[in-house]
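Student: To start, I am sharing the structure in question, which I have written as structure tokens.
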Amino acid sequence: MSERIALVTGANKGIGLEVARGLGAAGATVYLGARQPALGEAAAAQLRGEGHDVRFLELDVTSALHVSAAAALLHREHGRLDILVNNAAIGLDFTPPSQVSMASLRAIFETNTFAPMALIHELLPLLRASAAGRIINVSSDFASLTLNTTPKTPHRKAISLAYPASKAALNMLTVQYAKELRDSTIRINAVDPGFTDTDMTAGMGNATRPPAQGAVAIVRLALAGDDSPHGTYVNEDGPLPW
Ligand SMILES: NC(=O)c1ccc[n+]([C@@H]2O[C@H](COP(=O)([O-])OP(=O)(O)OC[C@H]3O[C@@H](n4cnc5c(N)ncnc54)[C@H](OP(=O)(O)O)[C@@H]3O)[C@@H](O)[C@H]2O)c1
């Protein structure tokens, strides 16, 4: 495919920004989704300054209006979408289950689970119009039921509810879409970027991995060719246990 059209959500900073940079460097036309226009414009301008074709798209992923406007714009300008990276997320914390408010739980699921689902629903016709649509759901190793129940893992020790549950649901969404899309040219995968030094992990002390490293596995799968895996849950080193 000569020119890929890509959309990355939550791409004004952190791992999303690096995914946008990586896809731009690979020659894609990248729509940099961000909910705060000033930050999104600035990030897109920075990447354009590096020579990449990156365009800001105002996209609060929890807004049905923004999601349908994004689909309309992509339809109008390109008639297809080749790469969707569901990256935007909130709520990594270690509030124990009994302390989590329903409002917080709902807000986290809205952003981390329902928004990717809404985006896939809305953009599926455009991904089907691509010769090789790619959907990456940015997940987390904290979503792994296996790691959370295996003695001596850091995941077993960390007690949290909203974020891991929202990402576990995102993993299941990935699996179910993968089954439905098996005979299409679309490939969908869940990718854990690894414990990365971003605003999300600020204050947790020990995340030293730079955001560009967190973007590597996401960009690789987003650009994968006909041999792309499908319905997998991976990090940079390979498959993760569900
Ligand atoms: N960092 C890690 O160690 C780690 C590990 C595993 C998985 N992940 C995953 O990697 C992805 C990127 O995380 P990160 O570490 O780069 O976090 P980050 O620096 O906090 O970036 C999160 C991005 O999501 C955006 N966002 C949040 N809610 C949004 C909404 N409603 N609409 C649009 N954008 C929204 C934020 O925008 P604002 O600037 O407007 O808030 C920001 O651009 C997430 O899916 C996260 O769960 C991260």
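The values are calculated or read from the model by the stated rules, or taken from the named source; none is laboratory data. Values in this document were obtained by computation on a predicted structure and should not be read as measured data. No Cβ is skipped: glycine too gets one built from the backbone with ideal geometry, and neighbour counts run over all protein chains shown. For accessibility, only protein heavy atoms count, side chains too; no ligands or nucleic acids. Shrake-Rupley method; radii C 1.70, N 1.55, O 1.52, S 1.80 Å.
Student: Among residues other than residue 41 whose Cβ falls under 11 Å from its Cβ, what is the net charge (Lys/Arg +1, Asp/Glu -1)?
Tutor: +1
Student: Quick check on the chain: helices-only [θ] at 222 nm, where DSSP H runs of length 4 and up contribute -39,500 (n - 2.57) each and the sum goes over total residues. Nearest 500, please.
Tutor: Value at 222 nm, helices only, nearest 500: -12500 deg cm²/dmol.
Student: Let me ask something else about it. Among the lysines, which fall within straight-line cross-link reach of residue 157, defined as a Cα-Cα distance under 28 Å, with same-chain neighbours fewer than 8 residues apart omitted?
Tutor: Answer for residue 157, where 28 Å is the Cα cut-off: 167, listed by chain and number.
Student: Further question: Suppose all protein chains stay in the model; what accessible area per residue would a 1.4 Å probe give for the range 5-239, in Å²?
Tutor: 44 Å²
Student: Right, another one. Could you work out the local net charge near residue 84, counting Lys and Arg as +1, Asp and Glu as -1, over the other residues with Cβ closer than 14 Å to its Cβ?
Tutor: +3
Student: A further question on this structure: In square nanometres, what is one fourth of the surface area of the convex hull spanned by the alpha carbons of the range 163-242?
Tutor: Mean projected area of the Cα convex hull: 5.8 nm².
Student: At R0 = 41 Å, how high is the FRET efficiency between residue 99 and residue 206 if r is their beta carbon distance? Nearest 0.05 is fine. Walk me through the numbers before you get to the answer.
Tutor: Working: r = 23 Å, r/R0 = 0.57.
Rounded to the nearest 0.05, the efficiency is 0.95.
Student: According to a simple spin-label model (label point 7 Å from Cα along Cα-to-Cβ), what is the distance in nm between residue 77 and residue 176?
Tutor: 3.1 nm
Student: Then there is this: Using 1/(1 + (r/R0)^6) with R0 = 30 angstrom and r between the beta carbons of residue 45 and residue 224, what's the FRET efficiency to the nearest 0.05?
Tutor: After rounding, the FRET efficiency stands at 0.55.
Student: In Å, what is the Rg of the alpha-carbon atoms in the range 93-180, and how long is Dmax?
Tutor: For the range 93-180, the Cα radius of gyration and maximum Cα-Cα distance read 15.1, 47 Å.
Student: Under a plain spin-label model, where a point goes 7 Å from the Cα along Cα-to-Cβ, how far apart in nm are residue 153 and residue 69?
Tutor: The modelled label-to-label distance comes out at 4.1 nm.
Student: So, one more: I want the antiparallel fraction of DSSP beta bridges within the range 5-239, as a percent rounded to 5. It would help to have the intermediate numbers written out before the result.
Tutor: Details: 2 of 26 bridges.
Close to 10 percent.
Student: With the full set of protein chains in place, find how many percent of the accessible area of the chain is carbon and sulfur; take the probe as 1.4 Å. If you can, show how the numbers build up before the last one.
Tutor: On the way: 6040 of 10840 Å².
Of all accessible area on the chain, carbon and sulfur atoms account for 56 percent.
Student: Note down the relative contact order for the chain as a percent, whole number, built from C-alpha pairs under 8 angstrom at least six residues apart.
Tutor: 20 percent
Student: Working from the alpha-carbon coordinates of the chain, get Rg over Rh, Rh being the Kirkwood radius.
Tutor: Numbers: Rg = 16.9 Å, Rh = 17.8 Å.
Using Cα coordinates only, the ratio equals 0.95.
Student: Could you check the spin-label model distance between residue 146 and residue 62? Points 7 Å from the Cα along Cα→Cβ, value in nm.
Tutor: 3.3 nm
Student: Note down the net charge around residue 173, summing +1 for each Lys or Arg and -1 for each Asp or Glu among other residues with Cβ under 12 Å from its Cβ.
Tutor: Net local charge, residue 173 excluded: +1.
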